[in-house]
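Heads up, the thing below is written out as structure tokens.
The values are calculated or read from the model by the stated rules, or taken from the named source; none is laboratory data. Values in this document were obtained by computation on a predicted structure and should not be read as measured data. Reconstructed Cβ throughout: ideal geometry from the backbone, glycine too, with neighbour counts over all protein chains shown.
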Amino acid sequence: MSERSRGDVLVDVRDLKVHFPIKRGVLFDRTVGHVKAVDGVDLRIARGETYGLVGESGCGKSTLGRALLQLTPPTSGEVSFDGVELTTLAPNKLRAMRRRMQMIFQDPMSSLDPRQNVESILTEGLQTHGIGGDRDGRRKIISETLDQVGLPRWALSCYPHEFSGGQRQRIGIARALVLGPELIVADEPVSALDVSIQAQVVNLLDELQDNLGLTYLVIAHDLAVVRHISDTVGVMYLGALVEEAPSDRLYTEPLHPYTRALMSAVPVPDPDVEDRRERILLAGDLPSPANPPPGCRFHTRCPWAQPTRCADERPELREIGGSRVACHWAEQIASGELRPHQVSVELVRPAGEGEEPSVVSAPTEPGSFV
Amino acid sequence: MALLDVEELSVTFARRNQRTVRAVDGVSFSVDAGEVVGLVGESGCGKSVTSLAIMGLLPRQPGVQVGGKAVFDGTDLLQIDDRSRRDIRGRDIAMIFQDPLSSLNPVVPIGIQVTEVLTRHRGMKGQAAAKEAAQLLDRVGIPDPKRRLKEYPHQLSGGMRQRALIAMAVACQPRLLIADEPTTALDVTIQAQILELLKELVRDSGTALVMITHDLGVVAGMCDTINVLYGGRVVETARRRPLFRQPRHPYTVGLLSSVPRLDAGRGERLNPIPGSVRDLLPWPDGCAFAPRCARRVDACVGEPPELVLTHDGRSYRCVNPAPVPGLTPGEDVREVVPGQATPGSVPAQAVPNDPPAVPGLAAAPSEEETS
């Protein structure tokens, strides 16, 4: 939004690529190809802003989040955090930087050590980074953090299994928060929670941002949640951003055909809206990221695809009235000059012929829908 | 007469040295021919167990007890023997499960799995069955069905697997289809495809559909009648529009206001329901939702709330329902059915080692409530 022009950029990602090799063979691992999980992403996150990343499973949004924190080493590209280039940083310096950027994971049960009690979970990071001096100092920081995330003091001596899902996610948030980070990457922070609990955690994240001035990168497949908490939303498709816009604008004026389809597919809990809505149904499934279509990656499913350019020229993100869109025909589609047409389903295999699907798809996060 | 009439269905799970869990506690609802009925609720509210009980798919173990009635077209599905149940299942009633990969047999080609139904119920064999199977796959929108028949489930994508499962379910043109979270494992764009397909099937063939989901958005677009479940009981039943426009039970109100909506503005605070699904009161001691309820009054605790039937054909299980503007409380009440509860068992979600909930408690919401 306006912060972007002011230039107080906390995270600057330039042409980030993460490719996973596909290996075959038992004795000699031959690399037979690459899964281009993230393939050339540029994005900037302003300080104090929430950047939402949406996309379907397998589009590379989680990998992007992990590569940004250097949890997955990027294949190429640059990531600068507060002016410091992370991709070339020495390991010990990177570890020190990690204090300033933390992550919240999707499934709190599998991201918290079941044999550690809450106090130990929260102290570990403080010890590693030498924060808080002695034990009492750390205790103080921990209990302040517990207050912030709304957990009672007696929680300290309990173990993760003793809590409900929502409380566990609060522990996960406390674990990230206790180090006093500036950036928090939240990977599907609410998707494992029940509907009535989701709202509590979403509100908590909002509140923490107001009080502590945090910067968020929220990765989620739920468009409604992302729209609710983000200032800017980036839509990913097959490893690349297809549209980036302020969250209200993205909803009122989606420019990229994929964004339009995505928006029209999200069910809204209101019968009147549901009955009025015109769905743009996409044909078929996401193509394999190991063998993405040439040109615009969406052209195989795009109802607006044109015979020229779409199939052979990869569109760059370009600025159109406050949004950035990667579509050759965005203006013509917005003005209604181009009409959607039927798309015949092109067959998509989850893997190469007869191969095990897990080999080709990007490494899956626990609990992600694949 | 309704096609399916579920009356006071209850399912309890008893295990040695552990207390008995009452997962479904007197659930009643009915489905008319061609109607789409939704069962909505959060995890552990008993919605899936309800469907498994109706289909007779619960494990036959000494600890599992199913009570009540599920009358389908004059036959009580809970009373019939296995042979006749197998006849009905797949032919008259079919089910679609949440996770298509784990409900398809991974070592058997799709074709054989689809023709199996045709052979069992429609007596088709060989070429005829294969041809029919290909037609079915084509009907649910699987391209190149002839080749698909020879393939294994892992060779299909998630959406295609769910389509194959739907093809198997509709193979015999059942009169009732039960879909248990059919789109939860799928992406939004694929979800839209599958929902559209289900809508079409229901419209074209007059099949009744029971839609089990936690997603209020899915329900809003599909169902004619909606049952909201909490703690193993139906707490509110209403037609689609009245339910969303004027929810009466505080739990429904809370659910609707806690879901972020795509068409709402950025930064509007959500109104979550305090506490978690585990903070509940066993039904014999009062309303299970009372510990989290914003409209709790003294009458909520003590005995199970009555089921209130209103003149406009809806019902709710609440002592102090959300008011309707321009209507004095109680004016619309047509009939009141006293709430019953078997003492001694607790809903599935309750925390295992809780001290028994104290009647009149007020402390429960504090735990997880911050915002």
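Out of the residues in region A:99-131 that are of a type in the set (A, V, I, L, M) and in a helix (DSSP H, G or I), state the one that is surrounded by the fewest Cβ atoms within 10 Å (Cβ to Cβ). Selected residue: A:MET109. Residues that are closer than 18 Å to A:GLU207 by Cα, within 9 Å of chain B (Cβ to nearest Cβ) and of a type in the set (Val, Ile, Thr) are absent from region A:155-177 altogether.
Taking region B:260-297 as the range and being among the basic types (Lys, Arg) and either in contact with a Ser or Thr (Cβ under 8 Å, 6 or more places away or on another chain) or over 30 Å from A:THR232 (Cβ atoms) (or both) as the test, the residues that pass are B:ARG266, B:ARG269, B:ARG278, B:ARG292, B:ARG295, B:ARG296. Take the conditions (1) under 30 Å from A:VAL233 (Cα atoms); (2) among the aliphatic types (A, V, I, L, M); (3) out of contact with any Pro (no Cβ under 7 Å at 6 or more places or on another chain); B:VAL218 misses just one of them, which is (3). Scanning region A:189-211 turns up no residue that is away from every other protein chain (no Cβ under 14 Å) and surrounded by fewer than 22 Cβ atoms within 10 Å (Cβ to Cβ). Could we say that A:VAL41 is out of contact with any Cys (no Cβ under 7 Å at 6 or more places or on another chain), without any contact (Cβ under 8 Å) to a residue 12 or more places away in the chain and not in a loop (DSSP other than H, G, I, E, B) here? Considered against the rule, which asks whether it is out of contact with any Cys (no Cβ under 7 Å at 6 or more places or on another chain), without any contact (Cβ under 8 Å) to a residue 12 or more places away in the chain and not in a loop (DSSP other than H, G, I, E, B), A:VAL41 comes out as no. If you filter region A:249-263 down to residues that are within 14 Å of A:ALA224 (Cα to Cα) and buried (at least 24 other Cβ atoms within 10 Å of the Cβ), you find that the one that is nearest to the other protein chains (Cβ to nearest Cβ) is A:LEU262.
Among the residues of region B:272-302, how many are on the phi > 0 side of the Ramachandran plot and either crowded, with 23+ Cβ neighbours inside 10 Å or in a helix (DSSP H, G or I) (or both)? So the answer is 2. Scanning region B:57-100 for residues that are out of contact with any strand residue (DSSP E or B) (no Cβ under 8 Å at 6 or more places or on another chain), surrounded by fewer than 15 Cβ atoms within 10 Å (Cβ to Cβ) and among the charged types (D, E, K, R) yields B:ARG60, B:ASP81, B:ASP82, B:ARG83, B:ARG86, B:ASP87. If you check B:PRO242, B:PRO305 for being buried (at least 24 other Cβ atoms within 10 Å of the Cβ) and at pLDDT 85 or above, only one passes: B:PRO305.
The residue that is farthest from A:ASP194 (Cα to Cα), among those in region A:59-81 that are charged (D, E, K, R) and surrounded by 16 or more Cβ atoms within 10 Å (Cβ to Cβ), is A:ARG66. None of A:ARG115, A:ARG95 is touching a residue at least 40 places away in the same chain (Cβ under 8 Å) and more than 20 Å from the chain's Cα centre (by Cα) except A:ARG115. Taken over region B:123-146, the criterion of being at pLDDT below 90, under 25 Å from B:ILE194 (Cβ atoms) and surrounded by fewer than 16 Cβ atoms within 10 Å (Cβ to Cβ) is satisfied by B:ASP138, B:ASP144, B:LYS146.
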